[in-house]
Structures are given as structure tokens and as C-alpha cells.
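Read the structure below first, then the notes.
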Amino acid sequence: MKKSMLISLICAVVLSFGVASMLYAVDAPGDDLIITAPEGMKVKPKGDQPGKLQKAVPFAHSKHESVECQHCHHMELDGNAYVLCTSSGCHDSLEFRDKENAKDIKLVENAFHDQCIECHKKLKKEEKPFGPTACGKCHTK
């Protein structure tokens with residue numbers, strides 16, 4: 001009697017962990033996500049002409065299923081959704097990139113470029129399937 005009760009208790013605990021993880025799992029957006037520059041983003045002038053923002057970047061979450069969510073979304077969960085990259089205190093600088101801030105991780109542009117392009121280059125070096133590394137291959141929309 002005690003043995004069957006112990007086995008039942010162990011099964012109940014294991015099952016509850018599985019159910020709990022499903023309840024708190026965050027659903028990734030679909031493959032129709034478009035990454036755009038945040039509102040108010042400044043653009044570097046081209047001589048005496050105003051500059052232009054790069055085109056938006058389509059992003060397919062399904063192609064990144066093997067990557068842990070926290071690898072890219074390193075901010076804590078806020079309720080049942082990840083904190084936006086451009087949230088205050090993270091990558092919230094809207095300045096354009098120049099020599100003085102070329103390495104500043106607070107710049108949205110640097111955060112995405114460092115995260116995405118560097119990962120794609122690493123995969124390419126490891127001779128694994130990799131994503132685009134050239135401007136026009138990401139900025140298509």
C-alpha cells in the first residue's frame with residue numbers, strides 16, 4: 001500500500017511540474033513579426049541632406065526555435081511577456097550611430113546588430129545553417 005501511494009505521489013509531482021511549465025510558457029510571436037526602428041529614432045545626416053532609416057527587418061521566430069528565448073530576450077518577464085528591448089534602462093538610446101558611440105550597447109541598432117549578426121557569423125564559421133549578415137539581406141521591408 002505504501003509503495004503504490006509513494007509512486008502515485010511522485011507521478012503527481014512530476015505531472016504538476018509539466019503542467020506548471022506549460023501554464024507559464026510564453027508564446028512566441030508568429031513569423032510575421034517586423035522589427036522597425038523605434039519612434040523618435042534619430043538618423044545620421046548625409047552631408048547637408050537628412051539621412052534615411054534602414055528598411056524594417058522581417059523576423060521569423062520559427063527559424064530560431066533552437067535558441068533559448070533568454071539568449072535574445074535577456075530582460076526579465078513582465079507578466080507573461082518579455083520586456084521590450086527599447087524599454088527604459090535597456091537599449092533605449094535613440095541617437096544615431098557615429099564614431100563616439102559605435103560600441104554603445106544602449107543604442108537599439110548596436111543591440112540588434114551585435115546579437116543577430118554576430119550569432120549568424122558564428123554559425124557560419126561553425127559551418128552550420130546561418131542567417132543573413134549583410135545589410136540588404138535583413139533590411140528588406
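The values are calculated or read from the model by the stated rules, or taken from the named source; none is laboratory data. If you're wondering where the values come from, they're calculated on a predicted model, not measured in any experiment. Reconstructed Cβ throughout: ideal geometry from the backbone, glycine too, with neighbour counts over all protein chains shown.
For region 86-93, state whether one or more residues are among the polar types (S, T, N, Q), surrounded by 14 or more Cβ atoms within 10 Å (Cβ to Cβ) and closer than 16 Å to Ala37 by Cα.
yes
Could we say that Lys141 is basic (Lys, Arg), within 27 Å of Lys46 (Cα to Cα), out of contact with any helix residue (DSSP H, G or I) (no Cβ under 7 Å at 6 or more places or on another chain) and surrounded by 14 or more Cβ atoms within 10 Å (Cβ to Cβ) here?
Criteria not met by Lys141.
Asp98: surrounded by 13 or more Cβ atoms within 10 Å (Cβ to Cβ), on the phi < 0 side of the Ramachandran plot and charged (D, E, K, R), yes or no?
Values: surrounded by 13 or more Cβ atoms within 10 Å (Cβ to Cβ): no; on the phi < 0 side of the Ramachandran plot: yes; charged (D, E, K, R): yes.
Taking the combined requirement at face value, the residue does not satisfy it.
Considering region 60-101 alone, what residues qualify as being under 18 Å from Ala134 (Cα atoms) and of a type in the set (A, V, I, L, M, F, W, C)?
Ala60
Kindly list the number of the only condition in (1) surrounded by 13 or more Cβ atoms within 10 Å (Cβ to Cβ); (2) in contact with a Phe, Trp or Tyr (Cβ under 8 Å, 6 or more places away or on another chain) that fails for Lys44.
The failed condition is (1).
Spot the failing condition for His73; the list is (1) surrounded by 15 or more Cβ atoms within 10 Å (Cβ to Cβ); (2) at pLDDT 90 or above, and only one is missed.
Against the list (1) surrounded by 15 or more Cβ atoms within 10 Å (Cβ to Cβ); (2) at pLDDT 90 or above, His73 comes up short only on (2).
Please find, among Ala81, Ala56, the residue that is small (Gly, Ala, Ser), surrounded by 14 or more Cβ atoms within 10 Å (Cβ to Cβ) and within 18 Å of Gly30 (Cα to Cα). So that I can check it myself, show each step before the final result.
Numbers: Ala81 fails: surrounded by 14 or more Cβ atoms within 10 Å (Cβ to Cβ).
After applying the criteria, what remains is Ala56.
Results for (1) more than 22 Å from Lys46 (Cβ to Cβ); (2) among the charged types (D, E, K, R), shown as yes or no for each residue.
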position	(1), (2)
Arg97	no, yes
Asn101	no, no
Lys106	yes, yes
Glu109	no, yes
Cys116	yes, no
Phe130	yes, no
Cys135	no, no
